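All remarks here apply to the structure that follows.
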Amino acid sequence: MSGFDAIDSLLAGVGPEAELPSLQVRRELRERARLSKAQVARALGVSPSTVAGWESGRDPVGEVRAKYAYLLDGLAAKFTTGTDTATGTGAGTASGAGIDTGTGTDAAPAVPSVAGSAVRQAGAAAEVLASSAPAPGEGDEAEEVLAVPEPCVLCGYPAGTRVAGFAQHLDAADCQATVAAPPAQPATAPARPEAVPVGKPASRTPRTSARPSGRSQGLSRRAFQEPSGPADLISEAVKAALAEHHGDVEAATAMLLKRAIPDAMRLLDETRKGARYDVIAHPWIPDILKKRTSRGADEIWEARPKWTRHELPPGRHEVTALDINGAYLSALKTHLPLGQLEHSAGLPHDRRRAGVHLITPPVWEHEAVLPNPIGQRDEPGPLWVTEPTLRLLLRLSGPKYGLCAPPEIHESYTSGATENLLEKFRIALKDARDTAIAEGDEVTLEYVKAMYSKFVSTMGESNYNRELYRPDWMHIIRSQAFSNLWLKALKAHDEGLTVVRAMGTDELHVIGDWRGVFPEGRGVTEVKVKDTYTAGIDATEHTGTEGEEG
Amino acid sequence: MPGKNLDFGKFGARGVKGSEAVARKLDELAGGIATPVDVKRGWIARLHYLTRSGKSRQAAQDAGLTVTDRTLKAWLEGKRSPSKANLARIDAAYRAVRRQNVARHLLKRLNREGRGTRVEIHPLDQSQVARPLQRVVEYRTLNVRRWDRIVGSWAAGDYQGLDAAWDDTIVDLGSQWGQYEYVTNVGFAA
């Protein structure tokens, strides 16, 4: 490496003197980069008044001239790229340019400054012009040699030339070579323009090497790359926690569980980037959704199932207690009201809106074999239910099922709804969960579980999560979980199983060959056996152990 | 005066002053005794809060609870109970002292070391306004970095100051800020 550098510097030293742009352009470039004369002077190793002189009539000579040309060229390149990406703010550009000058001085007699400028004489002038106006006289195929290599549009690795506005390697072989080049080279060498003018292609092309800093910068600019998605957030958090506790699984898990709520909020923000709807965290909340006292409840009925069959069919039976995996995780896919809930009365149900509704539930006549879809309600009369419960009732009253009469809707607080609001969030968590199960990664599994369950339980009026104040969502998501469980019970019933008990969010007890109905496993579409027991006429009362997994 | 809001509600728009919504939210964040003052449990709890130390007694006096120590003692021992006017004074003094005590902490949380707090502004309710007079007023969010004036005037019970401070804050919404003088809700967390 160093041997080549030395040869390069010798070769470059032989060439003609570097060309500098005109006085006004020199000054303009420096000012656009918000660099002071003192900064430039420090980088070049001269006094500020010398720099002032260079901008008002004098010309530098010798090695410092090459450095100055390199700086100006770099600035010009910055501004031309800055206009493409349009991300560089003033401060960003200034600091970036500062770094460039820094490397230029550090490698005092080094290659890039001298060689670069010598090689680039023609390009430099053209580029300075190009920074203010498109290069005149040259066609679309104008080649520019870049001072700071930019990622090639084809292979993503640093390329030293730009053609028709796109940084790229001139030779297809270069692209291949850099892609194939192993990242083993430490490549501590300063930024080097790698490609060469068309005149002498053979001399330095084989020595193209990938710059680590250039690579990390280049990666983000590549097309068609998998973006580092929200799922990475989870795995990174787990990795960091494990690293912090030196692989102590228990300590790392405890720490992650503590952080679960803020991390879930961060994941939510991440998944809503570029999304159509904002997550509105603090809307006006109608009184029915407000808790009456700090420990009390509001007026919403979530339709939690708590049903046990009155009598079993005669004989002794093997009962299986099934557990629905990740019930609340699946329930994140539901119709959530986006904005502020608006009151309406006497209107039929609108499929595009969601919220809470005051309904008179229909009479349920199948209590003997199936739970009531509105749960074990003791009081008669109208009650406030959420969207999933209402949709379930409407569905069951429809022609396909015909299990009950349609509910009567009296009042509603609704808002425009979407099912996709938490979809990315859910998918990210589900993917992390699936991977964790496949890899037997208990830490991630616990972390993901804490994230979604705590997210749901604290999204209302909780002091543990003050960033989100949506009691309506909390009720709706819970009701969705209950509604999903109810539909599983119906499915079991329709497939000929005997449903014995539907309880809580995820507990379903059945008699019969359930393996033909529900796949067994740990995925969210599968069920898990919690317990098996026998029950029947002469059997003693025995109930399964209560839920261990949410 | 920001928008054409001199006769707010003339055409059926509904809402509250933005600063009032902010004060309400701040009160909610400040928390405190939930039991109403006209129940014995409520006023006794407030009196305990106001007489915990010499400083809090002084603060209560400054906040308008100008009764003698003898009366306070009698109230606390249950020998007498305060009159209706005094109950109102106890409640007002409690609210004022509570605000002063919480303000410093709340301010720190809201400023978050200069990062500020995101505030959601939910526009006024136009559902009762005749269709041709309805205007598009969007939901807006704003990051408020400096809460000092807002919390300061809220803690001092200076509603005009709070109104002025809030108006100066929502100017950052841009040219339409006048539409947000009245709102249905201002949401933020601390």
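Structure above, values below:
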item: B:SER153 vs. criteria in the same structural domain as B:GLN61 (by TED's automatic domain parsing) and free of Cβ contacts under 8 Å to residues at least 40 places away in the same chain; result: no
item: Residue check, A:ALA438 more than 14 Å from every other protein chain (Cβ to nearest Cβ) and under 20 Å from the mean Cα position of the chain (by Cα); result: no
item: The stretch B:139-153, residues that are within 16 Å of A:TRP284 (Cα to Cα) and either in a strand (DSSP E or B) or away from chain A (no Cβ under 13 Å) (or both); result: B:ARG140, B:THR141
item: Whichever residue in the stretch B:136-155 is surrounded by fewer than 19 Cβ atoms within 10 Å (Cβ to Cβ) and within 24 Å of B:ARG95 (Cα to Cα) and, among such residues, is farthest from the chain's Cα centre (by Cα); result: B:ARG146
item: Filtered residue count, the stretch B:4-15, keeping only those that are of a type in the set (S, T, N, Q) and in a strand (DSSP E or B); result: 0
item: Of residues in the stretch A:444-467 being within 12 Å of chain B (Cβ to nearest Cβ) and touching a Ser or Thr at 6+ places or on another chain (Cβ under 7 Å), the one surrounded by the fewest Cβ atoms within 10 Å (Cβ to Cβ); result: A:TYR464
item: Test: residue in the stretch A:311-321 that is closer than 30 Å to B:ARG118 by Cβ and either crowded, with 21+ Cβ neighbours inside 10 Å or of a type outside the set (S, T, N, Q) (or both); result: no
item: Options A:ASP513, A:ASP494; residue that is more than 33 Å from the chain's Cα centre (by Cα), more than 27 Å from A:ALA354 (Cα to Cα), surrounded by fewer than 23 Cβ atoms within 10 Å (Cβ to Cβ) and free of Cβ contacts under 8 Å to residues at least 12 places away in the same chain; result: A:ASP494
item: Meets criteria (assigned to a loop (DSSP other than H, G, I, E, B), in the same structural domain as A:PHE482 (by TED's automatic domain parsing) and closer than 23 Å to A:VAL500 by Cα) for A:GLY381; result: no
item: Hits in the stretch A:17-43 - residues which are loosely packed, with under 15 Cβ neighbours inside 10 Å and closer than 11 Å to A:GLU55 by Cα; result: A:SER22, A:LEU23, A:GLN24
item: Counted residues, the stretch A:317-371 - those being under 16 Å from A:SER483 (Cα atoms) and among the hydroxyl-bearing types (Ser, Thr, Tyr); result: 3
item: Hits in the stretch B:85-138 - residues which are of a type in the set (Gly, Ala, Ser) and either out of contact with any Gly (no Cβ under 9 Å at 6 or more places or on another chain) or within 12 Å of chain A (Cβ to nearest Cβ) (or both); result: B:ALA85, B:ALA88, B:GLY114, B:GLY116, B:SER127
item: Test set (1) outside any loop (DSSP other than H, G, I, E, B); (2) in contact (Cβ under 8 Å) with a residue 40 or more places away in the chain - A:ASP269 fails condition number; result: (2)
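Okay, residues lined up against (1) touching a helix residue (DSSP H, G or I) at 6+ places or on another chain (Cβ under 7 Å); (2) away from chain B (no Cβ under 14 Å); (3) within 30 Å of B:THR35 (Cβ to Cβ):
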residue: A:VAL279; (1), (2), (3): yes, no, no
residue: A:HIS282; (1), (2), (3): no, no, yes
residue: A:ARG292; (1), (2), (3): no, no, yes
residue: A:ALA303; (1), (2), (3): yes, yes, no
residue: A:LEU312; (1), (2), (3): no, yes, no
residue: A:GLY326; (1), (2), (3): yes, yes, no
residue: A:LEU332; (1), (2), (3): yes, yes, no
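The values are calculated or read from the model by the stated rules, or taken from the named source; none is laboratory data. Bear in mind the structure is a predicted one, so any value in this text is a computation, not a measurement. Neighbour counts run over all protein chains shown; Cβ positions are idealised from the backbone, glycine included.
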